[in-house]
1. What is the residue count in region B:27-52 for residues that are within 17 Å of B:Ser79 (Cα to Cα) and either touching a strand residue (DSSP E or B) at 6+ places or on another chain (Cβ under 6 Å) or within 10 Å of chain A (Cβ to nearest Cβ) (or both)?
2. Specify the residue that is farthest from A:Leu150 (Cα to Cα); the eligible residues are those in region B:7-19 that are facing chain A (nearest Cβ under 9 Å) and among the hydrophobic types (A, V, I, L, M, F, W, C).
3. Within the group B:Val285, B:Val191, B:Val218, B:Val204, which residue is over 21 Å from A:Ile233 (Cβ atoms), among the aliphatic types (A, V, I, L, M) and not assigned by TED's automatic domain parsing to the domain that holds B:Leu172?
4. List the helices (runs of 4 or more DSSP H) that sit entirely inside region B:8-104 and contain at least 1 residues that are under 27 Å from the mean Cα position of the chain (by Cα).
5. Regarding A:Leu145, is this residue crowded, with 21+ Cβ neighbours inside 10 Å, within 11 Å of chain B (Cβ to nearest Cβ) and either within 16 Å of B:Ile265 (Cβ to Cβ) or under 16 Å from the mean Cα position of the chain (by Cα) (or both)?
6. Is one or more of the residues making up region B:228-249 within 13 Å of another protein chain (Cβ to nearest Cβ), surrounded by 14 or more Cβ atoms within 10 Å (Cβ to Cβ), farther than 26 Å from B:Met151 by Cβ and among the acidic types (Asp, Glu)?
7. Output the number of the condition that A:Ile152 fails; it satisfies all remaining conditions of (1) in contact (Cβ under 8 Å) with a residue 24 or more places away in the chain; (2) of a type in the set (Val, Ile, Thr); (3) more than 13 Å from chain B (Cβ to nearest Cβ).
8. Kindly list the number of the only condition in (1) over 19 Å from A:Trp142 (Cα atoms); (2) assigned by TED's automatic domain parsing to the domain that holds B:Leu199; (3) assigned to a helix (DSSP H, G or I) that fails for B:Phe238.
Amino acid sequence: MTAVSPTDLPAVSTDTEPSALRRGLGVLGELPIGSTGILLGIVLMAIFAPWIAPHDPLSAVEGAQQFGPPVWGEGGSWDTPLGTDNLSRDVLSRTIYGARVSVIVGLTGTAIAGVIGMIMGVAAGYFGGWVDSVIMRVVDAWLALPTLVLAILMAAVLGPSMWNIVFILGVVYWTRYARILRSEVLSLRETEFVKLAQVAGASKFRIIVQHIVPNVLNTWLVLASLTVGVVIIAEASLSFLGVGVPAPTPAWGSMLTEGRSALITRRPHLIYGPALLIGLTVLATNLFGDWLRVKLDPRQRNL
Amino acid sequence: MRTFFIRRIFYSVITLVILATTIFGLVRLTGDPAYLLAPEGATEEELQSIREDIGTDKSLPLQFGTFITDLARGDFGTSFQNGQPVRDLYFDRLPNSLLLVAAALAFALVVGIPAGIISAVYNGRWMDTVSKVVALTGMAIPGFILAFAMMFVFAVQLQWLPVFGIGSWKNLVMPAIAVGWYFAASTLRLVRSSMLEILDADYVKLARLKGMTERKVVLKHAFKNALIPLITLTGVNFVVMINVATVIELVFTWPGLGSLLIEGIRGRDFPLVQGVTIMAGIMIVFANFTIDMIYAWVDPRIRLNR
């Protein structure tokens, strides 16, 4: 055995393991540029909407006509680059403000679903027995209901408002977390370190918080990143169906509804902005989620 | 196997009971249907007589009892809106939904399988990259956004296809692609990954060594084995599709089950909403049950593992 004095150890460990800060910076450098850029852009657009948007999204542009054409259309002007809608409002400004709804609902809805799913999944996996049976039967019933139908019904109950939609989507999408986290916890429960903690007399709460939750956090994060896109689509679908964010608040989904009738009369300019941005946002969150999955779980790298 | 079978049936029934109870409660929270059924400015007596007609004047436990006993006999009740049995309304719309889903599934398989095989055989080459991009956008772009894009290009600008409605095969093209889009991408992914795995297997290498042409190796040996997970996925997709088609149905005003359900929700037509959702639930539970059974039959370890 080589004699290593305790004072040598820190030097060795800094050599092989970079500091937390440097590791953090390293990950930043590896971030997928395309998807991170798009997501960052959309979040910034949502935050700074009042400064970016050329017009008030809620009132008619002065001197503009109904269904004014976009800048490349006949009689279009740079004042309203994407044209105006049925109430002569600026479509570009509404699209920019619409990012707020998607970002807020996407993030908070996913977070609520994630917290409920984490609690349920960990409880079912760790306690087992009747707790597990009850939770998993509810999960099964939830999964047997078409998610959008559940969301529409709950929206009809709670009434249209953005925060209601956040709550509803949280309550609707928790099951995907619960199922997967439960099975992870089931195998974690059998590991040595959890058994040792039990022998050492750690309380159940302590074991869950100290040993179980940190070990499922990676999976949780990947699930969350892949859920954001689903929640954004769901919000857009609900708004499209008229049970989402109420008018006149600009939301991409409800802008598509307004655009649908105009589309048929050959005025497609209402949907360019929202359709493009929903597509881009969801594409970017999925790419980012895939990247995160591969990053956090090397076993998944085959696709 | 038998205890496993019985326990699974028991679970399925419990799932359906939870589902039925949830739906029963949820629709009743959406409000009083009498207001929507009565003419404008109806008096309280008129409203009350409507409630007596449709049975919502009774206490909730009583309504629930009738609902469950009728359900057990396969009776979904009568629609509040037009007095027809919900079962008739359901089976009127079912063929339209099945037609749409069948077409969407066909689209998904016709695009997904060849693209998946090509992508696996030419792994890493440009054709693989193209398929990967298609798969990725397919998973990411919501069907109804695609529906809008197609509607504008093919119906409004080029006028090749009708904007909405039902009747000829032309009406089916856009809704089917919009519904099948996502599933084409997931089929592609699945076929690609299972083909990649199989093409690496020893028996495939042996077939090559025996001097078989590559074409025969791929189609006869490899693809046949990739079919097993594909069949499962397709079965699941079929059931899922009937339920996700709702928004697409509304975009194209396709008279399927999704639009029936939305009509029911808007009109607070409790029996209609209950009937359509429970039928969807039964299909999903049955599909899951069948898959569980097939897996347990193929892999005995699952039977022991709760």
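1. 4
2. Kept after step one, since they are facing chain A (nearest Cβ under 9 Å), are these residues of region B:7-19: B:11-12, B:14-19.
Right, trim to among the hydrophobic types (A, V, I, L, M, F, W, C) and you get B:14, B:16-19.
Numbers: B:Ile14: 19, B:Leu16: 15, B:Val17: 16, B:Ile18: 14, B:Leu19: 11 Å.
Across region B:7-19, the extreme among qualifying residues is B:Ile14.
3. Values: B:Val191 fails: not assigned by TED's automatic domain parsing to the domain that holds B:Leu172; B:Val218 fails: not assigned by TED's automatic domain parsing to the domain that holds B:Leu172; B:Val204 fails: not assigned by TED's automatic domain parsing to the domain that holds B:Leu172.
Testing whether each residue is over 21 Å from A:Ile233 (Cβ atoms), among the aliphatic types (A, V, I, L, M) and not assigned by TED's automatic domain parsing to the domain that holds B:Leu172 leaves just B:Val285.
4. Working: elements: B:33-37, B:44-54, B:60-72.
In region B:8-104, the matching helices (runs of 4 or more DSSP H) lie at B:60-72.
5. On the way: crowded, with 21+ Cβ neighbours inside 10 Å: yes; within 11 Å of chain B (Cβ to nearest Cβ): yes; either within 16 Å of B:Ile265 (Cβ to Cβ) or under 16 Å from the mean Cα position of the chain (by Cα) (or both): yes.
Taking the combined requirement at face value, the residue satisfies it.
6. Kept after step one, since they are within 13 Å of another protein chain (Cβ to nearest Cβ), are these residues of region B:228-249: B:236, B:239-249.
The next check asks that each one be surrounded by 14 or more Cβ atoms within 10 Å (Cβ to Cβ); those that pass are B:236, B:239-249.
From what is left, the residues that are farther than 26 Å from B:Met151 by Cβ are B:236, B:239.
Next, only the ones that are among the acidic types (Asp, Glu) stay: none.
Checked against the condition, which is being within 13 Å of another protein chain (Cβ to nearest Cβ), surrounded by 14 or more Cβ atoms within 10 Å (Cβ to Cβ), farther than 26 Å from B:Met151 by Cβ and among the acidic types (Asp, Glu), region B:228-249 yields no hits at all.
7. (3)
8. B:Phe238 satisfies all of (1) over 19 Å from A:Trp142 (Cα atoms); (2) assigned by TED's automatic domain parsing to the domain that holds B:Leu199; (3) assigned to a helix (DSSP H, G or I) except (1).
The values are calculated or read from the model by the stated rules, or taken from the named source; none is laboratory data. Everything numeric here is computed off the predicted structure, so don't read it as measured data. Here the Cβ is made from the backbone with ideal geometry for all residues, glycine too, and neighbour counts use every protein chain on show.
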